[in-house]
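Following: one structure in structure tokens, then a few remarks.
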Amino acid sequence: MEIRDINHIEQAAGKSRPELLRFGLALLFVIGIMFYTWASGGGNIMLIVAGMIGGYMALNIGANDVANNVGPAVGSRALSLGGALVIAAIFEAAGALIAGGDVVSTIRGGIIAPSAVASADVFVWLMLAALLAGAIWLNIATASGAPVSTTHSIVGGVLGAGVAAGGWDVANWGTMGSIAASWIISPLMGGLIAAGFLYFIKHRILYRQDVMAAARRVVPLLVAGMAWAFTTYLMLKGVRAVLKVGFVESAVAGGVVALLTYVVVRPRVARQSNSAAPNDKARVNVMFTIPLIFAAALLSFAHGANDVANAVGPLAGIADVRVGRESCENLGKIT
């Protein structure tokens, strides 16, 4: 074999090393879940298998949805890809741990209730089938670059497996109607709000004769408004898990943070705008760097709070049935 052939082989192998590294890390992640589930679940084989499939599902959710959270910040160069991934990892985990319980309960028993199927074993198998089907579909779609929703995948999997196991009557169609409505309302409202903000920024800042003067007036207000929305959301989804707070208390706290943000941001924007030309639109873009970073963090937190259910919901349902039944059996032996 000639030297140049060996070089070609080394070059080809070098291109595959990052893929092998990613595959190895993913495999270690799933193996770690296997040992953790074995230790915490008392060696229950069904829980171990479900935990491993749930980990596989979580990997596909991360590979697919992380771009939705950090894409704007990376695309605008407010963050590097590495920095964005670090922020995503921290806030995704925080959202899942602090505020992920509500959506988990919906996936766990809101679509197909354990009492609606023939037996506990049937419920366990249908949840396991839904989890595996959703994970495989996400893997195929993500690898091929196809647009796909992780929530649609697991909800469809749970619904389809439930109907196959017990017929159409086992599904909670009221819950399904609410979920389906959110699939229409969410992108519609997101698009309308984004279009409204873009229209406002263009006509209040970018289309003005003196862009810097307009930025001095408007940018602090926009950042303060974003701080109010972010703080209110974090209070409702995060702090409420620790303290009992309603919308009024959350909105008031958001207003206080917004006022402090305005006081801090206004002089900084004034300094940046005073040192630039009247129509320096590039400098206006720089003023939105920090808000983009905070937006990436909040989106990651919200995604972790919501989409953790796509991997954990069916697993929680299986754990409820298996652990609950074993506890009852052990209690019967004791008595």
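The values are calculated or read from the model by the stated rules, or taken from the named source; none is laboratory data. Keep in mind the model is a prediction, meaning the values are calculated, not measured. No Cβ is skipped: glycine too gets one built from the backbone with ideal geometry, and neighbour counts run over all protein chains shown. The protein model used for the area step is the full one, side chains on, heavy atoms only, and it has no ligands, DNA or RNA in it. Shrake-Rupley method; radii C 1.70, N 1.55, O 1.52, S 1.80 Å.
Key figures
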{"item": "Length added when fully stretched, Tyr36-Leu188, from 0.36 nm per residue minus Cα-Cα", "result": "50.6 nm"}
{"item": "Per residue value of the accessible surface for the chain (all protein chains in place, 1.4 Å probe), Å²", "result": "56"}
{"item": "Residues in region 43-64 that a label on Ile136 would reach, taking backbone N under 18 Å of a point 7 Å out along Cα→Cβ", "result": "49-61"}
{"item": "Cα gyration tensor shape for the chain, rounded if a/c is under 1.5, else prolate or oblate", "result": "oblate"}
{"item": "Leu85 versus Leu97: modelled label distance in nm, points set 7 Å from Cα along the beta carbon direction", "result": "2.1"}
{"item": "12 Å beta-carbon shell around Ser149, net charge (K/R +1, D/E -1)", "result": "-2"}
{"item": "Rel. contact order, % - alpha carbon contacts under 8 angstrom, at least six apart, the chain", "result": "31"}
{"item": "Distance from region 52-71 to region 127-185 (C-alpha centre basis), Å", "result": "16"}
{"item": "Highest-first arrangement of 216-224, 246-254, where packing means the average Cβ count within 10 Å", "result": "216-224, 246-254"}
{"item": "Full-extension gain in nm, Asp280 to Phe23, via 0.36 nm per residue minus C-alpha separation", "result": "87.9 nm"}
{"item": "Integer Hz, Karplus 6.51/-1.76/1.60 couplings in order for region 109-117, x for Gly and Pro", "result": "x, x, 8, 10, 7, x, 6, 7, 9"}
{"item": "Tyr199/Leu221 FRET efficiency (R0 22 Å; Cβ-Cβ; nearest 0.05)", "result": "0.90"}
{"item": "Prolate/oblate/rounded label for region 254-316 (Cα gyration tensor, a/c 1.5)", "result": "oblate"}
{"item": "Theoretical ellipticity at 222 nm over the chain - DSSP helices of four or more residues, -39500 (n - 2.57) apiece, nearest 500", "result": "-28500 deg cm²/dmol"}
{"item": "Span-like helix ranges in the chain, DSSP H, alpha carbon extent 30 angstrom or more, Kyte mean at least 0.5", "result": "45-75, 120-144, 173-201, 211-237, 247-274, 289-334"}
{"item": "Solvent-accessible area, 1.4 Å probe, carbon plus sulfur percent, for the chain", "result": "69"}
{"item": "Charge dipole (debye, nearest 20) of the chain; +1 at Cβ of Lys and Arg, -1 at Cβ of Asp and Glu", "result": "1500"}
{"item": "Ordering of 86-96, 199-209 by burial proxy (mean other Cβ atoms within 10 Å per residue, highest first)", "result": "86-96, 199-209"}
